[in-house]
Amino acid sequence: MSERKTAIITGSTSGIGLGIAEAFAASGMNIMLNGFGDAAEIEAIRAGLAESGDGDVAYHGADMSKPEEIADLVEATRATFGQVDVIVPNAGIQVVSPVEDFPPEKWDLLFKINLFSAFHLTRLVFAEMKARRWGRIINLVSAHGLVASPFKSAYVAAKHGQVGFTKTIALEGAEFGVTCNAICPGYVLTPLVEKQIPDTAQARGITEEQVKRDVLLAAQPTKNFVTVEQIGALAVFLCSDAAAQITGAALPVDGGWTAQ
């Protein structure tokens, strides 16, 4: 990149978000980390990322279910780095339940974090991106933004919504040098996936090993989990000039899952 860019990555203290942060740091970006966790562990992550790249790394603990905290995250990023060039709405939660038993409060919370936070983050930075005629919005979605699985009605609905949101923002930014794309990973063995394995086992009445073999990797013809490094590399590419004409795309990284 011709000049140092600044990226906000939500949910970046672990899992896919952290993998993207590592890739962005290696490419020389400034990074605003976000997420929950032990303060000392987060500081160790922040310091390690700062040491690994040429850019600076800061942290903000905004709760993605709260619009006012998202606004504070954006303002803190501007105060620290001057502007926001790249956003990666990545924060997400999962709830596995038959629809008739789905707790309404958990449905609402999942939508706030998985879908509404992407809207709030985008609306707060879009005007400045358009004014500078450069910006990158990379929505971390899921293969579940393209296909469905049972017992994940809220997650699938929210992720499908994110794909639609991605396409709309791509059209609104198309004449201003602002791209918006969705990365749709298959199963990555992140803390989020590991946490849902017991719930899926209970919902289906099978063992946790059967969930991995017969539910998760059964969907992926390669029979391998996607890695965070692969997703990070794609995110870096989408920020490059070579990807300037890729916008409005929902890009599967899913071992062939959605090809079936």
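In table form, for the structure just shown:
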item: Residue list for the range 188-214, restricted to those being modelled with pLDDT of 90 or more and within 17 Å of the chain's Cα centre (by Cα); result: Val188
item: Candidate set from the range 150-190 (those that are open to solvent by 20 Å² or more (accessible area, probe 1.4 Å) and in contact (Cβ under 8 Å) with a residue 60 or more places away in the chain); member that is nearest to Ala242 (Cα to Cα); result: Gly177
item: From Val84, Val88, Val125, Val96, residue being farther than 23 Å from Ala243 by Cβ and either of a type in the set (A, V, I, L, M) or open to solvent by less than 10 Å² (accessible area, probe 1.4 Å) (or both); result: Val96
item: Residues satisfying the stated conditions in the range 67-114, i.e. in a loop (DSSP other than H, G, I, E, B), closer than 29 Å to Glu128 by Cβ and touching a Lys or Arg at 6+ places or on another chain (Cβ under 8 Å); result: Gln83, Val84, Asp85
item: Looking only at the range 22-41, and only at residues there that are free of Cβ contacts under 8 Å to residues at least 40 places away in the same chain and open to solvent by less than 50 Å² (accessible area, probe 1.4 Å), the one that is farthest from the chain's Cα centre (by Cα); result: Gly28
item: Subset of the range 50-77 [open to solvent by 40 Å² or more (accessible area, probe 1.4 Å), at pLDDT 95 or above and of a type outside the set (Ser, Thr, Tyr)]; result: Glu51, Asp56, Lys66, Pro67, Glu68, Glu69, Asp72, Glu75
item: Out of Ala235, Ala219, Ala203, sole residue that is open to solvent by less than 30 Å² (accessible area, probe 1.4 Å) and farther than 21 Å from Ile8 by Cβ; result: Ala219
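The values are calculated or read from the model by the stated rules, or taken from the named source; none is laboratory data. The shown structure was predicted, so the numbers you read here are calculated from the model rather than taken from an experiment. Every residue, glycine among them, receives a Cβ derived from its backbone with ideal geometry; neighbour counts consider all protein chains shown. Quick note on the areas: whole protein, heavy atoms, side chains included, nothing else; ligands and nucleic acids left out. Shrake-Rupley method; radii C 1.70, N 1.55, O 1.52, S 1.80 Å.
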